[in-house]
1. Say R0 is 25 Å: what FRET efficiency, to the nearest 0.05, do GLU52 and SER4 get from their beta-carbon distance?
2. Within the accessible area of the chain, what % is carbon and sulfur when the probe is 1.4 Å and the other protein chains stay in place?
3. Once both axes come from the Cα atoms, what is the angle between helix 4-20 and the longest principal axis of the chain, in degrees from 0 to 90, rounded to 10?
4. How large is the accessible surface per residue of the chain, computed with a 1.4 Å probe and reported in Å² as a whole number?
Amino acid sequence: MASSEENKATVRACFENASQGNFEALDEIVAPDYVLHPEEVRGPDGLKEMVERYRNALSGLRVTIDQQFTEGDHVATRYTISGTHDGDLMGAAPTGKDVAFTGITISRCQDGRIVEEWEITDTVGLLGQIGALPAMAQS
């Protein structure tokens with residue numbers, strides 16, 4: 001069983017390698033039966049595809065880990081993602097705007113790999129920065 005510090009290092013390596021596009025490393029970091037909730041992304045290839053969509057939409061994508069803590073085999077990570085919106089993002093055309101949004105991921109590790117994660121990101125804040133939110137209904 002990996003220690004809390006080893007689990008934190010595994011999760012940190014996942015964020016770092018994914019954000020840099022070093023997808024081959026994810027095969028060793030993420031378990032074959034990995035699942036990300038609520039998106040239901042499955043396996044290392046599913047994670048690679050999801051990250052690639054963000055990398056294509058946000059040039060210079062950077063992930064800053066703001067805080068991490070552990071309990072048992074779980075690692076909680078609070079992070080900030082930033083980049084320049086110069087590709088299609090959730091159907092929104094490129095704006096050229098610099099954006100930053102935050103998220104929290106809880107990762108469950110087993111045998112030195114990430115097997116399951118639960119993620120919440122500030123998608124509304126991100127879409128607001130690029131002007132992709134619908135106007136509020138007038139009453």
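The values are calculated or read from the model by the stated rules, or taken from the named source; none is laboratory data. Here the structure is a predicted model, which means the values were calculated and not measured. All Cβ positions, glycine included, derive from the backbone under ideal geometry; neighbour counts span all protein chains shown. When the accessible area is computed, the model is the full protein with side chains, heavy atoms only, and any ligands, DNA or RNA have been set aside. Shrake-Rupley method; radii C 1.70, N 1.55, O 1.52, S 1.80 Å.
1. FRET efficiency, GLU52 to SER4: 0.25.
2. After summing per-atom areas, the C and S share lands at 52 percent.
3. So the helix axis and the longest Cα principal axis differ by about 40 degrees.
4. That works out to 55 Å² per residue.
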